Amino acid sequence: MAALRFILGDQLTRSLASLDGLDPARDVIFMAEVAEETVYVPHHKQKIALILSAMRHFAAELAAEGLRVDYIRLDDPENTGSFSGELERAIARHQPDRIVITEPGEWRVWEMMRGWSASFGLPVDIRADDRFICPRGRFARWAAGRKSYRMEFFYREMRRETGFLMEGDDPAGGQWNFDHDNRKALPRGLRPPPRERFHPDAVTLEVIDLVSRRFSANFGDIEGFGWAVTREQAHWKRSGISSANACRFTAIIRMR
Amino acid sequence: MKSGEPYLWHSLLSPCLNLGLLTAREVCVAAERAYKAGEAPLNAVEGFIRQILGWREYVRGIYWLRMPGYAATNALTARRALPWFYWSGETPMNCLAQAIGETRRNAYAHHIQRLMVTGNFALLAGIEPAQIEAWYLAVYADAFDWVELPNTHGMTLFADGGLLASKPYAASGAWIDRMSDYCGPCRYDPKIKSGPKTCPFNYLYWNFMIENRERLKSNARMAMPLRTLENMGGERRREIADEAGAFLAGLALPPQLP
């Protein structure tokens with residue numbers, strides 16, 4: 001029983017449902033950079049570079065674990081330019097007996113996925129994306145019978161269910177919402193901390209070069225690219241927030 | 001909003017979260033831990049957790065609950081084409097030029113710039129939802145359909161007729177002036193009521209109320225601006241509609257691409 005485990009560009013999480021029960025000896029993890037995903041809207045150059053670089057880093061991390069990873073680059077000469085085309089080629093290469101995927105973040109791709117079992121003649125296991133805290137069915141239960149969907153009430157149910165910022169049955173600090181503390185204009189003379197920038201490594205530089213050539217007419221500057229492209233960088237960023245640098249948190253200026 | 005400060009205190013975690021480099025649970029755990037350790041105040045941590053556990057999960061729930069029909073709604077029958085300045089950044093309105101210029105440089109703009117500058121303009125000008133939604137989906141590093149669509153379609157444009165937001169987030173130039181330093185160097189002045197120097201956000205705001213008053217009159221949260229509109233009198237309302245009409249007719253559309 002060999003499965004083809006197909007991972008999308010916004011599914012770069014080691015605990016992803018698609019990787020549950022992976023057989024490292026037989027299963028193949030498949031990722032593909034395809035043209036149709038780069039053109040369905042005319043993306044900012046940095047957005048394309050971010051996704052491609054993060055995909056390549058994630059694939060390299062999986063391969064470094066000793067897992068079998070098959071990765072198709074945007075500029076591979078044989079690249080058909082679509083998920084369906086690349087899956088068809090991957091099935092021919094690896095002869096899997098099933099495909100395992102996690103539900104996507106777009107209706108457009110969801111529709112595509114639902115046709116794959118019929119078009120490839122293989123079972124396609126589409127798993128729920130459990131990186132979200134609230135399952136789709138749970139949300140539908142909350143929404144059932146409501147005329148309008150106010151976030152505040154949903155949020156309180158999520159607080160109770162997860163226990164975040166709860167003291168027993170009560171919200172921490174005795175109230176659910178501290179927005180009135182967060183609505184002030186920026187105090188004079190207060191300077192925000194500088195943004196953490198991650199200098200592009202060799203992988204990112206190669207992607208930036210590809211994007212600069214292939215998407216030169218797209219909106220946006222590629223110079224100054226400084227996004228986190230790995231979990232390690234993202235994690236560093238997060239621990240920076242939870243450390244003594246509490247001022248990053250103190251002025252969430254919002255209106256409502 | 002502050003010129004030259006595109007990030008303020010925003011965490012910039014949205015691209016990491018939306019790609020999967022971090023998970024929603026672990027950032028909530030980290031924020032709660034910071035509060036319990038006395039490293040961050042409750043109002044800040046609660047606001048952060050509400051954005052992740054509340055808003056982010058909520059818009060994702062709405063997306064899958066209501067698609068594909070959700071994207072096709074157009075409650076305010078907005079039909080105007082997206083003006084070219086969204087791509088070029090070339091507009092004499094300083095707030096828009098700042099927000100779009102930063103978007104071009106950084107593939108990022110923070111929540112208030114997206115909602116109350118570029119989004120507010122699209123709402124007031126009656127830009128067709130699908131056109132402005134494609135723009136948001138294209139230009140931001142953190143934009144994926146499940147999160148971009150409900151935020152723009154529901155929260156920003158009120159195109160779902162109030163499923164997400166309890167009222168349209170329409171604001172005049174005075175609001176932008178109070179919440180930013182954009183207006184000082186601008187060619188327009190939000191304090192001037194009419195004429196060539198008045199801020200277009202002012203007459204676009206009132207023109208929006210004129211065009212949508214029948215649709216919005218049953219919304220209690222719109223009672224105050226609609227009453228002000230009534231008290232203006234017919235002549236003033238005609239003046240506003242004329243100024244808005246002339247301004248909107250003069251917006252450049254995208255050049256025809258080969």
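Each reported figure results from applying straightforward, stated rules to the coordinates on display, with no laboratory input. Just so we're clear, the structure is a prediction, and the values are computed from it rather than from any experiment. Heads up, the Cβs are rebuilt from the backbone with ideal geometry, glycines too, and the neighbour counts pull from every protein chain shown.
Under a no-solvent Debye model with one identical scatterer per Cα of chain A, what's log10 I(q)/I(0) at q = 0.09, 0.14 Å⁻¹?
Once normalised to I(0) and log-transformed, intensities are -0.56, -1.18.
Please build a GNM for chain B, connecting alpha carbons under 10 Å apart, and tell me which residue among B:Gly47, B:Gly119, B:Gly38 fluctuates the most.
In the Gaussian network model the winner is B:Gly38.
Structure shown: which of A:Lys45/B:Lys2; B:Lys2/B:Lys217; B:Lys2/B:Lys167; A:Lys47/B:Lys167; A:Lys45/B:Lys167 lie over 28 Å apart, alpha-carbon to alpha-carbon? Each step should come with its number before you reach the end.
Values: A:Lys45/B:Lys2 25 Å; B:Lys2/B:Lys217 35 Å; B:Lys2/B:Lys167 26 Å; A:Lys47/B:Lys167 32 Å; A:Lys45/B:Lys167 34 Å.
Checking Cα-Cα distances, B:Lys2/B:Lys217; A:Lys47/B:Lys167; A:Lys45/B:Lys167 exceed 28 Å.
Using each residue's phi in the range B:235-245, evaluate 6.51 cos²θ - 1.76 cosθ + 1.60 at θ = phi - 60° and report the 3J(HN,Hα) Karplus result to the nearest Hz, with x for Gly and Pro.
5, 5, 5, 5, 4, 4, 4, 5, 4, 5, x
Counting every Cα pair in the range B:201-258, what percent are over 13 Å apart?
The answer is 64 percent, as a whole percent.
Rounded to the nearest 500, what is the 222 nm mean residue ellipticity of chain A from helices alone, with -39500 (n - 2.57) per DSSP H run of 4+ residues and division by all residues?
Value at 222 nm, helices only, nearest 500: -11000 deg cm²/dmol.
Each residue of the range B:193-203 in turn: what ³J(HN,Hα) in whole Hz from Karplus with 6.51, -1.76, 1.60 and θ = phi - 60°, glycine and Pro shown as x?
Computed from phi, the couplings for the range B:193-203 are 7, 7, x, x, 8, 5, 5, x, 4, 5, 6 Hz.
What do you get for trypsin sites (Lys or Arg not before Pro) in the range B:136-217 restricted to DSSP loop and a cutoff of at most 16 other Cβ within 10 Å of the site's Cβ?
Numbers: sites: B:Arg178, B:Arg187, B:Lys191, B:Lys193, B:Lys197, B:Arg213, B:Arg215, B:Lys217; in loops: B:Arg187, B:Lys191, B:Lys193, B:Lys197, B:Lys217.
Of the trypsin sites (Lys or Arg not before Pro), the ones in loops of the range B:136-217 whose Cβ has at most 16 other Cβ atoms within 10 Å are B:Arg187, B:Lys191, B:Lys193, B:Lys197, B:Lys217.
Where Rh is the Kirkwood radius over the Cα pairs of the range B:74-258, the temperature 4 °C and the viscosity 1.567 mPa s, what D in µm²/s does Stokes-Einstein return?
77 µm²/s
Determine ³J(HN,Hα), in whole Hz, for all residues of the range B:137-144 in sequence, where each value follows from phi through the Karplus function 6.51 cos²θ - 1.76 cosθ + 1.60 and θ = phi - 60°; x replaces Gly and Pro.
Per residue, the Karplus-derived 3J(HN,Hα) values read 5, 7, 8, 10, 4, 9, 8, 10 Hz.
Calculate log10 I(q)/I(0) of the protein assembly as shown for q = 0.06, 0.07, 0.11, 0.12 Å⁻¹, where I(q) comes from the Debye formula with a single equal point scatterer on each Cα and nothing for solvent.
-0.30, -0.41, -1.02, -1.21
What are the chymotrypsin sites (Phe, Trp or Tyr not before Pro) within the range A:117-206 that DSSP puts in a loop, where the Cβ has at most 10 other Cβ atoms within 10 Å?
none
Across bins of 5 angstrom width beginning at 0, how are the C-alpha pair distances of the range A:3-127 distributed, in whole percent?
Over the range A:3-127, the share of Cα pairs per 5 Å bin runs 2, 10, 22, 26, 23, 12, 4, 1 percent.
What residue among A:Glu157, A:Glu61, A:Glu103 has the largest mean-square fluctuation in a Gaussian network model of chain A, using Cα springs under 10 Å?
Highest fluctuation among the options: A:Glu157.
Is it possible to state the helix-based mean residue ellipticity at 222 nm for chain B, with each DSSP H run of 4+ residues giving -39500 (n - 2.57), the sum divided by total residues, to the nearest 500 deg cm²/dmol? What is it?
After summing the helix terms and dividing by residue count, I get -14000 deg cm²/dmol.
Treating the beta-carbon of each Lys and Arg as +1 and of each Asp and Glu as -1, no other charges, what is the dipole magnitude of the range A:3-127 about its Cα centre, to the nearest 20 debye?
Working: 14 positive and 20 negative charges, 22 e Å.
About 100 debye.
Say we join alpha carbon atoms closer than 10 Å with springs in a Gaussian network model of chain B; which of B:Ile132, B:Ile62, B:Ile100 then has the biggest fluctuation?
Comparing B:Ile132, B:Ile62, B:Ile100 in a Gaussian network model of chain B, the most mobile one is B:Ile62.
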